[in-house]
Each structure stands twice: as C-alpha cells, then as structure tokens.
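Working notes for the structure below.
Where a number appears in this text, it was derived from the coordinates with a stated rule and is not lab data. These numbers come from a predicted model, not from an experiment. Note: ideal-geometry Cβ built from the backbone for every residue, glycine included; neighbour counts use all protein chains shown.
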Amino acid sequence: KTEYEVQVRSVARDYASQWVPEPASVTITSPEVIEGKPPENISVEGRIAALLVTFDEVDEASWYQIRYRETGEDDWSHDYSTDGRHKVVPLLDEAEYEIQIRSVAKDSASEWVPDTPITETVPSPPVTFVELDNVSLDGELESVEGGGTASIVASWDEEPEATWYQMRYRRTDIDDEWAHEQALDTTHKLVPVPPNIPYEVQVRSVARDFASPWAPEEAKEITTPKDTEAPSSPTFVDWKGIVQGIQATLSPPPEPDWDQIIIYAHDEWPYTPDDEYEVARGRQTFFEIGGLEPLKTYYVQAIAVDTSGNMSDPTDEV
C-alpha cells in the first residue's frame, strides 16, 4: 500500500529521451497484499561472484521476489525470477549474504521465507584464466535533459572460455568501496556517473567455477569528462535566527552531479555573493552558521556548485 510516481525514457548509446510524462503525474498505489503460499525447500549455494538460489515452485505464483543483503547491512537489494532457479550476480568475493524469497501472484504475495534469512558466503574463485588484455577506458557525457550525467565505457579482449565478465569500479577522490557490474560482452558502459570525477576500474572474466585475476593488476584510472551546464539553484526550505547565528535548511538542485552548496550572508541588500560574504559551504542541506553580530538583520543567499565547477544562479534572499 505504497504510492509511487513513475516516469520512463528511451536510451541509446549516446543519447536519451526526456523523462515522460512531465511532470511525473502518473501515480500507482501498490495493492494490499493477500497472503499466498510461500516457496519451500529453499537452498542457496555460493558460486563465483554469485549465489545460486533454488526452491520448489508454487502453482499459484506468477513470479518470485528474492531479496539479499551483505550480512550486517540494513538495506535489502531485490531481484526476481520466473522459475525455481535463479542466480544473483554480481556479488563480492568472500562476503556473507542473507537471502529470503517470496512468491507473487496478481493480487497476492506470500510472506518472506524463511523467517530467519539463509546465510551463505560467496567463495573466492580459483584463478585459472589468464589476465584479460588490452583493457581500455573512455569517458562520455550523456545527452540527457538537465545534464549532470556522464558514463565510463570499458572494453577488453575476449576470453573464449568465459561465461561473463565482472567489472568493478570506485571513486578515488573519496574513501570509496568497490561497486560491481556484470557484463556479457567485451564492452560495457557504466552509466550514470557524475562528470569530472576520478575513478579506478578493473575487469575479470568469470566461468562457473573459476575466474581470471582482476585486470589490469594496477587499476586503470579515468576522470569522467566535465560538463558545462550549470545546476539549478537550491531552494531554502526553512531558516531561523539563533544566538549569534543562523540555521538554514535547503533543498538541493535536482541534477545528480551537484557537489556542494555555498551560503552567503551580508547585513546590506543588495549585494553580489562572492568570497567576501561566504559563510559556509559543503555537500549538505543543513547549515548552522555562527559568529554573526547579534540584533542585526542579515540577508542570506545560496549557490549550488556541481562536480565540474559550474555554479548556479544565486537564490533569492531570505
């Protein structure tokens, strides 16, 4: 019984349509779930970069929903299957995961089973393939409405014995964990990623019971290209005076590459927001600014900056 807004767009290699409908006026409320029969005899087996889930099918079910998370994490990821055998990929080597499943029909769904999630560890693969050769990276800007999106295109030489390929990537400008994607061909496009951000990337080939080493041995580095489109201005949601200061809450711009918000304050109006009047900045939406003179009126403005350094127009003063 949750309400959702829905939009769709078409995507090709170098362009995409706008999101439709605009605005997102199509809403749907998921139905109240009528309890159905859950799957039985569930088993989970660790495979290379994957978990193989098998279970008895339910006659009344249209499909099955699988949820999984690394042990110790709070949030579930979801996958689905139309039969009693499904491989969840790609997953992290030597990581333990929790798994539950339920059956789904048109107007009903079973409870998640088992009550206590099944835990299984993804094995570390024996390395029997040679390292992939000629790994190359290219960065592209994506032509989507509103801007703020780039991609990384990775390619490598084919491994004839491979079933699929695994690509891992992470930002190098922050303390970032590896993220993973599955590729079925020797070219894979990672999208969306923010412009003007440094990444390191590695790939490996995978078969049922073995995998190649990550290649290249020293991860390949790339900085996604800059865009030139300024973000929208942030919006003040709430603000108030505190002792010798101001508290302000803002709504960030909708562009995915916004990087930080800069706050300006001055006791005269109008003024041009510049370094002289900057009082705070950060990738955050709540600011508490101190050190201001008591009983004085201040005019506060904000500007958004994206990862390429483009700056929005200033907000109206508050």
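Nearest 5 percent is fine: what portion of the DSSP beta bridges confined to the chain is antiparallel? Spell out each step's value before the answer.
On the way: 88 of 91 bridges.
Of those bridges, close to 95 percent are antiparallel.
On a straight-distance basis, which lysines could pair with Lys220 in a cross-link, Cα separation under 20 angstrom, same-chain partners fewer than 8 positions away excluded?
Here the lysines satisfying the reach criterion relative to Lys220 are Lys189.
Determine, for Val53, Val113, the number of other Cβ atoms within 10 Å of each Cβ, and report the residues in order from fewest to most.
Going from sparsest to densest Cβ surroundings: Val113, Val53.
At a 10 Å Cβ-Cβ cut-off, how would you order Glu94, Glu140, fewest neighbours first?
Numbers: Glu94 10, Glu140 17.
Listing Glu94, Glu140 from fewest to most nearby Cβ atoms yields Glu94, Glu140.
May I ask you to sort Met167, Met311 by Cβ crowding, counting other Cβ atoms within 10 Å and putting the fewest first?
Met311, Met167
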